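One structure is given here, and the rest of the page talks about it.
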Amino acid sequence: MTTNNDKNIYFAAKKMNRASHLRERTAELEAMQKTHDSKYIPVYNGRHIYMNQHSSFYRRSKPFDCEYMCFLGLVDDQMWYSCPLNDKQAEKLEKEVDKRFSSLRRYALKLDDELAHIALYSRGLDLWQRNRKFCPKCGTPNKLEMAGHKLLCQNNHEQFPHIEPAIIVLVTYKDKCLLGRKAEWPANAYSTLAGFVEPGETIEEAVKREVEEESNIRVNNVQYFGSQPWPFPASLMLAFTADAENEDIKLDDELEDVQWFSRPQLQEMLKEGYVTISPRYTVAHNLIVGWLEQK
């Protein structure tokens, strides 16, 4: 099976060892902090502080004043923690460093692979924690446990990080690929078709359903391409390629436009700026560029 690393899919971990066995070993973690180099990242509403255009997110070697320190894992022997801040703490830090908390989308391509993964990981964990302040079963307040990876309410109901699987697929027919766009996207922006997996549905079934719903194109030969963590806010993108059985497109209400593009046509339109495709940090970009580079 092809792996993420073979495709160089952005945001995938290269060195991070999550060391999940340490999450409930509070005493061992505290002892390790005394003997290991540690890095602490302030996170606020899934955002980080980026110090300038060419560096990474702000972090330091001592903990921040925060509500709960979350152990992310180890990079070699270096321990990494995220520190979720409340409104007051975030405002204070912004004044101290004279920078604002910003979205990862804006700075993603300025980070190396490992730091991009850590930023995405800490973002996803932070958003899950903030969106689950109360237990969905009984309504009592949740508290963080397992170094930030479990929520436990007053009635001992447990919750773990929530991930929504989504499929994304490059559909081809002979020498053409199928791309679509939503009305709210930037002008001339096109991407591969995508959608969420529904309850009781396999990912292969989701691929076939979403493509047919959005374009009227029926597909077969669904092949796994790779996956990408995507906490915007809580998705895991499962990428595929598929062959089309027909080429007559009919739109639904979700997409503004769906078109077939040949390689020469798409290359020329990209060169002249008539069309743009998904940013380089997306798996959709990997799918499209991989197809364009095939001979």
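Please identify the cysteines of the chain that lack any partner cysteine with a Cβ under 4.7 Å from their own Cβ.
Within the chain, the cysteines lacking a partner Cβ under 4.7 Å are Cys70, Cys138, Cys177.
Can you list the HN-Hα couplings for region 119-135, worked out from phi with the Karplus curve (6.51, -1.76, 1.60; θ = phi - 60°), rounded to whole Hz and with x for Gly and Pro?
So the J values, rounded to whole Hz, are 4, 5, 4, 5, 4, x, 5, 5, 5, 4, 4, 5, 8, 10, 5, 10, 5.
So how do 37-45, 200-208 stack up, highest first, on mean other-Cβ count within 10 Å? Walk me through the numbers on the way to the answer.
Working: 37-45: 20.2, 200-208: 15.8.
So the peptides 37-45, 200-208, ranked by packing, come out 37-45, 200-208.
In percent, what relative contact order does region 4-132 have, based on Cα pairs under 8 Å that are 6 or more apart in sequence?
Details: 198 pairs, mean separation 42.6, N = 129.
The value is 33 percent.
Mind checking region 233-295 for GluC sites (Glu not before Pro) that DSSP puts in a loop (not H, G, I, E or B) and that have at most 16 other Cβ atoms within 10 Å?
Details: sites: Glu245, Glu247, Glu254, Glu256, Glu268, Glu272, Glu293; in loops: Glu245, Glu247, Glu254, Glu256, Glu293.
Here the GluC sites (Glu not before Pro) that fit, given the DSSP loop and packing criteria, are Glu245, Glu247, Glu254, Glu256, Glu293.
Cα-Cα pairs above 15 Å in region 25-123: how many percent? Don't skip to the end; give the middle numbers.
Values: 2895 of 4851 pairs.
Here the tail beyond 15 Å accounts for 60 percent of pairs.
Can you give me the relative contact order of region 164-292 as a percent, contacts being Cα pairs under 8 Å and 6 or more apart? Could you put the intermediate results ahead of the total?
Values: 253 pairs, mean separation 43.3, N = 129.
RCO, region 164-292: 34 percent.
With each run of n ≥ 4 DSSP H residues scored as -39500 (n - 2.57), what mean residue ellipticity at 222 nm is computed for the chain after dividing by its residue count and rounding to the nearest 500 deg cm²/dmol?
On the way: 8 runs with 80 residues, N = 295.
Value at 222 nm, helices only: -8000 deg cm²/dmol.
What percent does the relative contact order of the chain come to when contacts are Cα pairs within less than 8 Å and at least six residues apart? Please list the in-between numbers first.
Details: 560 pairs, mean separation 52.8, N = 295.
Result for the chain is 18 percent.
Applying the Karplus parametrisation 6.51 cos²θ - 1.76 cosθ + 1.60 with θ = phi - 60° to the phi angles of region 230-242, what ³J(HN,Hα) value in whole Hz is obtained for each residue in order, glycine and proline being reported as x?
Taking θ as phi minus 60°, the curve returns 8, x, 10, x, 8, 9, 10, 7, 9, 9, 9, 10, 7 Hz for region 230-242.
Provide Thr35, Thr192 in ascending order of the number of other Cβ atoms located within 10 Å of each residue's Cβ, fewest first. Before the final figure, lay out the partial values.
Numbers: Thr35 9, Thr192 27.
The order, fewest Cβ neighbours first, is Thr35, Thr192.
So, counting K/R as plus one and D/E as minus one, what does the shell of residues with Cβ under 10 Å around Gly195 add up to? If you can, show how the numbers build up before the last one.
Details: positive: Arg209; negative: Glu198, Glu210, Glu213, Glu214, Glu254.
Once all neighbours under 10 Å are counted, the net charge is -4.
Based on the alpha-carbon gyration tensor of region 87-168, what equivalent-ellipsoid semi-axes (square roots of 5 times the eigenvalues) come out, in whole Å, largest first? All intermediate terms of the calculation are to be shown ahead of the outcome.
Details: eigenvalues 156, 75, 22 Å².
Computed over region 87-168, the values are 28, 19, 11 Å.
For a label point 7 Å from the Cα of Asp257 along Cα→C-beta, name the residues of region 173-212 whose backbone N is under 18 Å from it.
Only 177-194 fall inside the zone, counting backbone N under 18 Å.
Quick check: net charge around His36, other residues with Cβ under 12 Å of its Cβ, Lys/Arg +1 and Asp/Glu -1?
-3
Per-residue HN-Hα couplings for region 88-98, Karplus 6.51 cos²θ - 1.76 cosθ + 1.60 at θ = phi - 60°, whole Hz, x for Gly and Pro?
My calculation for region 88-98 gives 5, 5, 5, 4, 5, 5, 4, 5, 5, 9, 6 Hz in order.
Can you pick out the pairs among Lys15/Lys39; Lys34/Lys99; Lys62/Lys95; Lys110/Lys150; Lys137/Lys182; Lys14/Lys271 whose Cα atoms lie more than 25 Å from each other?
Details: Lys15/Lys39 15 Å; Lys34/Lys99 30 Å; Lys62/Lys95 18 Å; Lys110/Lys150 31 Å; Lys137/Lys182 36 Å; Lys14/Lys271 32 Å.
In this structure, Lys34/Lys99; Lys110/Lys150; Lys137/Lys182; Lys14/Lys271 lie more than 25 Å apart at Cα.
Taking the inverse of the average 1/r across all pairs of different Cα atoms in region 188-229, what Kirkwood radius in Å do you get? Kindly include the intermediate steps, with their values, before the conclusion.
On the way: mean 1/r = 0.0870 Å⁻¹.
With all distinct Cα pairs of region 188-229 included, I get 11.5 Å.
Using only the alpha-carbon atoms of region 161-259, report the extent along each of the three principal axes, biggest first, to the nearest angstrom.
41, 32, 22
Counting only other residues whose beta carbon sits under 14 Å from that of Leu144, what net charge do I get with K and R as +1, D and E as -1?
On the way: positive: Arg23, Arg130, Arg132, Lys133, Lys143, Lys150; negative: Glu24, Glu67, Asp126, Glu145, Glu158.
Value of the local net charge: +1.
Give, rounded to the nearest 20 debye, the magnitude of the charge dipole that the chain has about its Cα centre when Lys and Arg contribute +1 at Cβ and Asp and Glu contribute -1 at Cβ.
On the way: 39 positive and 43 negative charges, 265 e Å.
Dipole about the Cα centre, nearest 20: 1280 debye.
Quick note: the coordinates plus some simple rules give every number you see, no bench work behind them. Computed from a prediction, not measured in an experiment: that's the story for all the values here. A quick note on method: Cβ atoms are made from the backbone with ideal geometry, for glycine too, and the neighbour counts reach across all protein chains shown.
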